[in-house]
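> One structure is given below, represented as structure tokens, and several questions about it will come after.
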Amino acid sequence: MNALLEPGMIVRHPDRPDWGDGQVQSNIGGRITVMFRDAGKVVVDGTRVDLIIVSS
């Protein structure tokens, strides 16, 4: 599912709901950079975490 993520999409981290919604900044080689409302910029390893799509 993470392979479908594109810049601008809104996602949530399944294990960190306290981070709030985040906007995908980039998705390169399974490393997904997301700007979360309450956690700032986070790089997520897409091979370990399946982000939840909120909207595209």
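The values are calculated or read from the model by the stated rules, or taken from the named source; none is laboratory data. Please read these numbers as outputs of a predicted model, since none were measured by experiment. Neighbour counts are summed over all protein chains in view; Cβ atoms, including those assigned to glycine, are modelled from backbone coordinates with ideal geometry.
> Quick one: would you say residue 24 is in contact with a Pro (Cβ under 6 Å, 6 or more places away or on another chain) and of a type outside the set (Lys, Arg)?
It is true that residue 24 is in contact with a Pro (Cβ under 6 Å, 6 or more places away or on another chain) and of a type outside the set (Lys, Arg).
> List the number of the failed condition for residue 18; all other conditions in (1) exposed (fewer than 10 other Cβ atoms within 10 Å of the Cβ); (2) in a loop (DSSP other than H, G, I, E, B) hold.
Of everything listed in (1) exposed (fewer than 10 other Cβ atoms within 10 Å of the Cβ); (2) in a loop (DSSP other than H, G, I, E, B), residue 18 misses just condition (2).
Rundown of residues vs (1) aromatic (Phe, Trp, Tyr); (2) in contact with a helix residue (DSSP H, G or I) (Cβ under 8 Å, 6 or more places away or on another chain); (3) assigned to a strand (DSSP E or B), yes/no style:
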| site | (1), (2), (3) |
| --- | --- |
| 3 | no, no, no |
| 6 | no, no, no |
| 11 | no, no, yes |
| 14 | no, no, no |
| 27 | no, yes, yes |
| 35 | no, no, yes |
| 43 | no, no, yes |
| 54 | no, no, yes |
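> Just to check your reading of the model, which residue among 52, 10 is of a type outside the set (S, T, N, Q) and surrounded by 14 or more Cβ atoms within 10 Å (Cβ to Cβ)?
On the way: 52 fails: surrounded by 14 or more Cβ atoms within 10 Å (Cβ to Cβ).
Matching residue, one of 52, 10: 10.
> Continuing with this model, one more query. Being under 10 Å from the mean Cα position of the chain (by Cα) and at pLDDT below 95 is the filter here, so list the residues in the stretch 2-22 that pass it.
2
> List the residue pairs whose Cβ atoms are under 8 Å apart, where the first residue sits in the stretch 19-41 and is at positive phi, the second is of a type in the set (A, V, I, L, M) and surrounded by 13 or more Cβ atoms within 10 Å (Cβ to Cβ), and the two are 6 or more positions apart or on different chains.
20/39
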